[in-house]
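Trainee: Okay, handing you the structure first.
The values are calculated or read from the model by the stated rules, or taken from the named source; none is laboratory data. Everything numeric here is computed off the predicted structure, so don't read it as measured data. Here the Cβ is made from the backbone with ideal geometry for all residues, glycine too, and neighbour counts use every protein chain on show.
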Amino acid sequence: MNISLAAEPVFYLSHIPITNSLLVTWILMLVIVLLGIFIRFGSWVIPNKVQSFLEVIYESSYKFVNDMLGPKITPQVYPMAITLLLFIAIGNLAGLLPGMGSLFVPLEKHGEIEWMPLFRAVTADLNMTFALAIIAIIANQYFAIKFLGFSHYIKKFINFSSPINFFVGILEIISEFSKILSFSFRLFGNVFAGEVLLAVMYYLVPFAVPIPFIMMEVFVGLMQAFVFFLLFIVFVKVSLAEH
């Protein structure tokens, strides 16, 4: 049984290590691009089951965001929000597919051959969840500046009108950085814990017993994707508030 907190390199490109989670990330990016092409050019007037399922996701998620942000802001924010939701949801579910953590490739390290897992769930890598958190927070700041204006928004953090407002501004700056930790560690902790749980169950009882845990991880994976999506929308709404 192999449990590693960090993603393991599986090969090198010009001395740049390519980890198993990065390899899965590239595959997921290709899947999402192909999904987008299918939605754009493969739509039918009378939708099939796949198209109907995708339309339900689109309509329900768009209505959810529109109810929170309003018709003026939603068209700008929704593409980023749904992209984060789809990437994280597909990434979490992909971590439960056969072959994740069970296929190994040889890699020479320090003159010795070590066997590394070929695939790993992308959100079980703290680097990935940290990058997603940074992207979400930067997008949050961008939308706030776009709709409120730079001079108006910056007063939330730098305000010398009174000692209280100055101190509140410092707290707001700390709060923005704490959001990155909240985003990244929540997603990483839940997915990595599930990965470890399934690895232990497969090792101890490799047949029917792990099935309920797989079902539980499917639910947790989808729920964590929705939580990330929801927090992103909530943080945008808070940033656009006048106070």
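Trainee: Can PHE192 be described as in contact with a helix residue (DSSP H, G or I) (Cβ under 6 Å, 6 or more places away or on another chain), modelled with pLDDT of 85 or more and closer than 18 Å to PHE130 by Cα?
Mentor: For PHE192, the condition - in contact with a helix residue (DSSP H, G or I) (Cβ under 6 Å, 6 or more places away or on another chain), modelled with pLDDT of 85 or more and closer than 18 Å to PHE130 by Cα - is not met.
Trainee: Quick check: anything in the stretch 207-224 aromatic (Phe, Trp, Tyr) and at pLDDT 85 or above?
Mentor: Yes.
Trainee: Hey, another quick one. Which residue out of ALA241, ALA136 is farther than 21 Å from ALA7 by Cα and either assigned to a helix (DSSP H, G or I) or not small (Gly, Ala, Ser) (or both)?
Mentor: ALA136
Trainee: Kindly indicate the residue of the stretch 32-71 that is within 19 Å of LEU230 (Cβ to Cβ) and hydroxyl-bearing (Ser, Thr, Tyr) and also modelled with the lowest pLDDT among those meeting that condition.
Mentor: TYR58
Trainee: Go through the stretch 40-90 residue by residue and tally those that are outside any helix (DSSP H, G or I) and of a type in the set (Gly, Ala, Ser).
Mentor: Result for the stretch 40-90: 3.
Trainee: Report yes if some residue within the stretch 78-86 is modelled with pLDDT under 75, surrounded by 11 or more Cβ atoms within 10 Å (Cβ to Cβ) and closer than 29 Å to VAL220 by Cα; otherwise report no.
Mentor: no
Trainee: Mind checking which pairs have a first residue in the stretch 140-167 that is under 21 Å from PHE232 (Cβ atoms) and a second that is aliphatic (A, V, I, L, M) and assigned to a loop (DSSP other than H, G, I, E, B), Cβ under 7 Å, 6 or more apart or different chains?
Mentor: ALA144/LEU240; PHE147/ILE73; PHE147/LEU240; LEU148/LEU240
Trainee: Taking the stretch 213-239 as the region of interest, how many residues are more than 26 Å from TYR153 (Cβ to Cβ) and among the basic types (Lys, Arg)?
Mentor: The number of residues fulfilling the criteria is 0.
Trainee: Just a yes or no: is a residue in the stretch 101-122 assigned to a helix (DSSP H, G or I) and over 20 Å from the mean Cα position of the chain (by Cα)?
Mentor: no
Trainee: Is it the case that the stretch 102-111 has a residue that's in contact (Cβ under 8 Å) with a residue 12 or more places away in the chain and crowded, with 17+ Cβ neighbours inside 10 Å?
Mentor: Among the residues of the stretch 102-111, not one is in contact (Cβ under 8 Å) with a residue 12 or more places away in the chain and crowded, with 17+ Cβ neighbours inside 10 Å, which makes the answer no.
Trainee: While we're on this one: Identify all residues within the stretch 151-189 that are exposed (fewer than 12 other Cβ atoms within 10 Å of the Cβ), farther than 27 Å from LEU132 by Cα and hydrophobic (A, V, I, L, M, F, W, C); write none if there are none.
Mentor: PHE160, ILE164, PHE167
Trainee: Hey, another quick one. Which residues, taken from the stretch 90-116, are in contact with a helix residue (DSSP H, G or I) (Cβ under 8 Å, 6 or more places away or on another chain), at pLDDT below 75 and of a type outside the set (Gly, Ala, Ser)?
Mentor: Residues satisfying the conditions are MET100, MET116.
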